[in-house]
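Shown next, in structure tokens, is the structure this report addresses.
Just so it is clear, none of the values below were taken in a lab; they were calculated from the coordinates. Quick caveat, the model's predicted, so the values are computed rather than measured. Here Cβ is always computed from backbone atoms with ideal geometry, including for glycine, and neighbour counts include all displayed protein chains.
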Amino acid sequence: MSNIYKAFENGKAFIPFITCGDPDLATTAATVRAAARNGADLIELGIPFSDPTAEGPVIQGANIRALAGGVTTDKIFDLVREIRQDVTVPMVFMTYANVVFSYGADRFIATCRDIGIDGLILPDLPFEEKEEFLEICHTYGVDLISLIAPTSAGRIAMIAKEAEGFLYIVSSLGVTGTRSEIKTDLASIVEVVRQNTDLPCAIGFGISTPEQAAKMAAIADGAIVGSAIIKILAEYGTEAPAHVGTYVKSMKDAILER
């Protein structure tokens with residue numbers, strides 16, 4: 001078992017997503033530390049990819065900027081090694097299967113273990129094809145996080161039964177991005193999850209305000225926010241970490257007060 005369970009030990013979890021290398025790796029490190037100081041329970045680190053199919057324009061832009069700045073997987077591994085000297089909250093990578101394949105799955109996942117990455121989220125990996133990574137993840141004690149989407153329907157129970165770490169529930173159809181309203185019947189999805197696993201579940205895609213975060217955390221065990229944080233980084237650049245810290249605190253406070 002990885003350390004992911006620790007994120008959910010003290011009530012509802014707030015999980016920020018940060019694209020590594022946007023605008024640069026030093027800012028990423030400062031942003032991770034600011035998020036951890038201000039209540040982030042688990043941090044998702046995005047490894048940039050040239051064709052991020054699950055991402056909307058905000059995170060696509062972050063991927064483009066990071067890659068243009070010369071970010072590589074090895075540089076991100078070094079970044080995490082440095083961050084892990086003082087940041088203890090669980091951390092997971094979110095990237096695409098081709099990134100892992102091209103690096104070498106065994107070498108990639110072994111390095112995740114060595115640098116203190118607790119889990120791996122691959123949004124383009126079909127549930128039916130996860131076996132090609134699962135055995136390696138088990139070898140190195142890295143959780144392969146499963147996603148459940150509104151289109152999962154009759155597969156929710158099956159996915160939940162085989163899940164590890166936590167379940168990532170996708171709030172809406174389409175790509176990542178802030179939304180003014182989330183209309184999916186998430187309570188019904190979470191109910192099926194609860195019937196089939198004791199693992200915690202967190203809701204992501206479209207959450208940007210404290211009110212939305214509180215509402216999602218009332219349904220599930222946590223809320224995941226990406227695009228709203230990437231917008232802060234895009235607006236403030238190297239000055240963004242303090243602003244992200246303030247934002248994370250407002251979201252965590254809203255979840256705790258719900």
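For this structure, a couple of remarks:
- The chain - percent relative contact order, Cα under 8 Å, separation 6 or more: 26
- Rg over Rh, two decimals, the chain (C-alpha only, Kirkwood Rh): 0.92
- Ranking of Ile115, Ile169 by neighbouring Cβ atoms within 10 Å, starting from the fewest: Ile115, Ile169.
- For Asn38, net neighbour charge (Lys/Arg +1, Asp/Glu -1) across residues whose Cβ lies under 9 Å away: +3
- Qualifying GluC sites (Glu not before Pro) in the range 178-258, where qualification requires a DSSP coil assignment and no more than 15 other C-beta atoms within 10 Å, comprise Glu181.
- When the charge dipole of the range 4-257 is built from unit charges on Cβ atoms (+1 for Lys and Arg, -1 for Asp and Glu) and taken about the Cα centre, the candidate among Ile203, Phe93, Asn38 whose Cα reaches farthest toward its positive end is Asn38.
- Taking amide hydrogens as placed 1.01 Å from N in the peptide plane, the amide H of Val225 sits under 5 Å from those of Ile15, Phe17, each at least 5 positions away in sequence or on another chain.
- Cross-link pairs exceeding 21 Å in C-alpha to C-alpha distance, out of Lys215/Lys249; Lys12/Lys249; Lys130/Lys161; Lys231/Lys252; Lys6/Lys252; Lys75/Lys249, comprise Lys75/Lys249.
- Net length gained if the chain between Thr238 and Asn10 were fully extended (0.36 nm per residue, minus Cα distance): 78.9 nm
- A simple spin-label model places pseudo-atoms 7 Å from Cα toward Cβ; at Glu82 and Arg155 they are separated by 3.9 nm.
- FRET E, pair Asp253, Asp198, Förster distance 35 Å, beta-carbon r, rounded to 0.05: 0.80
- Only Lys, Arg (+1) and Asp, Glu (-1) charged, at Cβ; the chain dipole about Cα centre in debye: 580
- Summarising the label geometry, the points placed 7 Å from Cα in the beta-carbon direction at Asp74 and Arg107 lie 0.9 nm from one another.
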